[in-house]
Amino acid sequence: MGDSASTAPGFADVRTLDVLDFDEIRASLARETMSDAGTAAARTLLPSSDSDRVRDEVMATSEMRAIVAADGFALPRVVETRDAIERARRGSSLSAEDLRDVAVALAAADAAVRRVRAADAPILHERCLGAASQGDVIGRIEHAVGPRGDVLDRASGALARIRRNIIRAQDEARDRTQAILRSPAFAKAVQDQIVTSRAGRLVVPIKADFAGSVPGVVHDTSASGQTVFVEPLGALEVNNRVRTLLIEEEREVARILAELSRAVGAVASALLVNLEILAVLDLVLARARLADRMHAVAPIIVTDAKVDIRGGRHPLLGERAVAQSLVLDHETRFIVISGPNMGGKTVTLKLVGLFVAMTGCGMHLPAVEGTTIGSFTRVWADIGDEQSIAENTSTFSAHLRRLRQIVGDAGEHALVLIDEIASGTEPASGAALATAVLEHLLSSGALGIVTTHSTELKLVAHATPGLVNASLRFHPQTYAPTYQLDVGTPGQSLAFALARTLRLDPAIVRRAEALLSQSARDYDRALAELAEIRSSAAAERDALSEERRHAATLQESLRRRNESLERERRDFAQKADERLG
């Protein structure tokens, strides 16, 4: 993959959005939309780096959530109708189905604008500027066209009269045709006692051998040739009358549709404005609905380059997501997450990237109140295997190409997320390269997160201002991942512990431990002890938090009880005074 192939101007390149699984976020949002235009907008949504615009979009989502909470505001399903309106503008006549769809869309737009204007929603009010009620056009279409896309009898007096005449003529034609079936003179000739239709004319099935015995016009024969379908001469005149009336009906329906289409075309510009506003409101409503599903909160938007995630849950993991908290700011510039695979390091990278991207789209975040997202003009992510057989590139060379893009572009207000930084080569060289890249990113003013298995890089992070170690917790006895982030503690490799857990030959594990240098063993042992201490401290902290919550609940219950007793005392005293007085 060439350098320019995946690079695009704006908030993030295609590769970054792809590895962050941002398209799945867009798909989730699209599922909440109710209009074809809103769905298309959701599927092509891109984050903005304009902090003022982002703040307005986040506020718009908050306003829409308040509207939904107040009265369950919703939209009907609306199909794309802009092309039909453009055709009407050019003088084409629309079908009844097209006109029905236009009316449904315009009615939805009118209702949505009225609901927004009735609410305390200043940002959404601005989105509705230019919308004008189209009640006249909607009313004319709904009067003439039914919900199934059929032109109704009430569309015109002439149409109602023609259809009444058609029914009478069809009844008369059926009576005359059935008279043949009931006539004893033709009993032997009739194949079946049914009246059917061929080419819009009523006919009776006659045995082929008796075709000449029934006066009339043969319109068809059966596949076997044993039956002919004859229109009796007695029904010929009335069938002709039915056909004439049907042609009159078609002409009257065409006239009605042409008249309604001209009405649509005459105000096409205003209608298109309303539909554009509907698509905008639909997208905001989809953000509000998705936020409610995710139990999300509105992020605080600041102009500084900063990320403060409090109890953030990966938006694509649903109930499986484990809440994580972390801060990136002028003090904690880069977090270096280490530890074994399958612990959730990549999930943390994607969580941060998605939170920033979602905020850039005006979305709320599945997190705790106080979560803050700053202004980022560029986000870079290098996650996953990017090797290419077709281009004869290894994982490491593809990784280097990506690093070249990142270090060449990263600066202040850039967020950089790199998985397994400088891996895929000799460990010492990889660690040195990773250190140099981090030093460059620090000097450029960027913020970010990298993951690593390198002990050397953990030591660099410990000794370098702006770099902070972190790890994902594992159960100290079972080594099962808990996916909880510990900022400040480097991760253990757990290679030997996991090997034992997975029942690798104990002799091989003992030999591997013996081959490891004494300093490395001491380092790993120290990390294990620290992990156990932090795990115990976390458990104690959780227990204390639970006790505080319980105490607060008891205190609130006692306060309510005291208030109740005080009210009873005052009531009793008042009643006593009234009796004594």
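For the reader, a short list of remarks on this structure follows.
- Residue match in the range 283-296 (condition: outside any helix (DSSP H, G or I) and farther than 30 Å from VAL151 by Cβ): yes
- The residue of the range 289-312 that is farthest from ALA461 (Cα to Cα), among those that are of a type outside the set (Asp, Glu), open to solvent by 60 Å² or more (accessible area, probe 1.4 Å) and in contact with a helix residue (DSSP H, G or I) (Cβ under 8 Å, 6 or more places away or on another chain), is ARG289.
- Residue count, the range 64-94 (criterion: in contact (Cβ under 8 Å) with a residue 40 or more places away in the chain, open to solvent by 40 Å² or more (accessible area, probe 1.4 Å) and not in a helix (DSSP H, G or I)): 9
- With respect to the conditions (1) within 30 Å of ILE138 (Cβ to Cβ); (2) part of a helix (DSSP H, G or I); (3) open to solvent by 20 Å² or more (accessible area, probe 1.4 Å), THR61 falls short on a single one, namely (3).
- Looking only at residues of the range 146-183 that are among the β-branched types (Val, Ile, Thr) and at pLDDT 85 or above, we find that the one that is nearest to ARG251 (Cα to Cα) is ILE162.
- Given (1) surrounded by 10 or more Cβ atoms within 10 Å (Cβ to Cβ); (2) modelled with pLDDT of 80 or more, number of the condition GLU540 does not satisfy: (2)
- Restricting GLY339, GLY344, GLY318 to those that are farther than 22 Å from VAL54 by Cα, modelled with pLDDT under 90 and surrounded by fewer than 21 Cβ atoms within 10 Å (Cβ to Cβ) reduces the list to GLY318.
- Hits in the range 196-245 (condition: free of Cβ contacts under 8 Å to residues at least 12 places away in the same chain and in a helix (DSSP H, G or I)): ASP209, GLY212, GLU237, ASN240, THR244
- Selection from the range 455-473 of residues that are in a strand (DSSP E or B) and of a type in the set (S, T, N, Q): ASN469, SER471
- Of all residues making up the range 103-117, the number that are over 25 Å from the mean Cα position of the chain (by Cα) and either aliphatic (A, V, I, L, M) or open to solvent by less than 40 Å² (accessible area, probe 1.4 Å) (or both): 1
- For the range 123-154, taking the residues that are in a helix (DSSP H, G or I) and in contact with an Asp or Glu (Cβ under 8 Å, 6 or more places away or on another chain), the one that is surrounded by the fewest Cβ atoms within 10 Å (Cβ to Cβ) is identified as GLY135.
- Number of the exception - LEU326 against (1) open to solvent by less than 30 Å² (accessible area, probe 1.4 Å); (2) in a loop (DSSP other than H, G, I, E, B): (2)
- In the range 370-416, the residue that is most open to solvent (accessible area, probe 1.4 Å) out of those that are modelled with pLDDT under 90 and of a type in the set (S, T, N, Q) is ASN392.
- Of the residues ARG55, ARG100, the single one that is in contact (Cβ under 8 Å) with a residue 12 or more places away in the chain, in contact with a strand residue (DSSP E or B) (Cβ under 6 Å, 6 or more places away or on another chain), of a type outside the set (Phe, Trp, Tyr) and crowded, with 21+ Cβ neighbours inside 10 Å is ARG100.
The values are calculated or read from the model by the stated rules, or taken from the named source; none is laboratory data. What you see is a predicted model, and the numbers here were worked out from it, not measured in a lab. Cβ: placed from backbone, ideal geometry, glycine included. Neighbour counts: every protein chain shown. Surface areas here come from the heavy atoms of the whole protein model, side chains and all, with no ligands, DNA or RNA. Shrake-Rupley method; radii C 1.70, N 1.55, O 1.52, S 1.80 Å.
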